[in-house]
1. From the helices alone, meaning DSSP H stretches of at least four residues, give me the mean residue ellipticity at 222 nm for the chain, per-run term -39500 (n - 2.57), in deg cm²/dmol to the nearest 500.
2. Convex hull volume of the Cα atoms in the stretch 177-223, per residue, in Å³?
3. Which whole number of Å³ per residue matches the convex hull of the alpha-carbon atoms in the stretch 1-136?
4. Report the Cα-based extents of the stretch 126-219 along its three principal axes, largest first, to the nearest Å.
5. Quote the Stokes-Einstein diffusion coefficient, in whole µm² s⁻¹, for the chain, based on the Kirkwood radius over alpha carbon pairs, a temperature of 37 °C and a viscosity of 0.692 mPa s.
6. Once whole DSSP H runs in the chain are found, which of them have Cα atoms spread over 15 Å or more along the helix axis and a mean Kyte-Doolittle score of at least -1.0?
7. Evaluate the stretch 165-269: find the radius of gyration of its Cα atoms, find its Kirkwood radius, and give the ratio Rg to Rh.
8. For the stretch 80-158, which chymotrypsin sites (Phe, Trp or Tyr not before Pro) are in a loop by DSSP, counting at most 10 other Cβ atoms within 10 Å?
Amino acid sequence: MTINDVASASAALRSAEDQRQARGRITDEWTGLDLATAHQVQAETVRAKVAEGDRVVGTKLGLTSRAKQQRMGISSPLTAVLLESYVLPADVPVPLDRLIQPRVEPEIVFVMGKRLQGPGVTAATALAAVERVHAGFEVIDSRYRDYSFALPDVVADNASSACFVVGSTSVAPDQIDLLLEAVALSVNGQTVATATGAAVQGHPAEALALAANELGSRGLAIEAGEIVLTGGLTDAVPIGDGDQIVAEFTHLGALVLTGATSKKTGEDNA
């Protein structure tokens, strides 16, 4: 298949996901792919999945750390779409045999109380639209080999979206200092990273405002009731069969995630 239009790019990425087969960059085959067109590819993939029975449940931010933005040559995060099929209950293992090269990162998660649309959204107005704050995990899974991509590639790939977990503990946004909310991330009992909310664009509410303004520039909005993943607090860590990843937050509780194949999960349930 020659990748030179929105439909073929979307089909190629969905095929890689379905077959669990990482591929080369779309931009290597479609040299004219720009950011605006990449958003069209992302939207086509979402449209196709919704047509098959999926449902949009929210928004995620990617590349929220300053270091990642500098590496990609951008000045603000990118946005992607959360689908209902990505939801992973907190007590369910990561379905490794559905994924290609999964990695996990802890996040601060917002559940929206009001509709939010740019332009002109500030951190203060963004936070005022939030109903509840949760801890979360995102499981990312790039369809590109070794997570090697240019910016249009990752936007077209819906920012490597795969699964996410929302913790059961929730706090009102005016009852927590999100700037200082800390997390310790451990893998198989070994602490591998620590961070605070400041790691996400300086403050998670700043990330939310940037998302609302970026979406508003394309005529889109974050709707009341939707979930927003504000971006990884730490670098993402790989997860394999039998791995246990724990994120302990200061006020938002602890989350535990394990990796398992369906065969192993079936044996455990037998």
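1. Theoretical 222 nm ellipticity from helices: -8000 deg cm²/dmol.
2. 103
3. So the per-residue Cα hull volume is 156 Å³.
4. If we take the Cα atoms of the stretch 126-219, the spans are 44, 41, 23 Å.
5. Rounded to a whole number, D works out at 175 µm²/s.
6. In the chain, the long hydrophobic H runs are 6-19, 35-51, 204-216.
7. 1.04
8. Listed in order of number, the matching sites amount to none.
A short reminder: the numbers here are calculations on the coordinates, not readings from a lab. Note that the structure is predicted; figures quoted are calculated from it, not measured. When we count neighbours, we look across all protein chains shown, and the Cβ atoms used for this are built from the backbone with ideal geometry, even at glycine.
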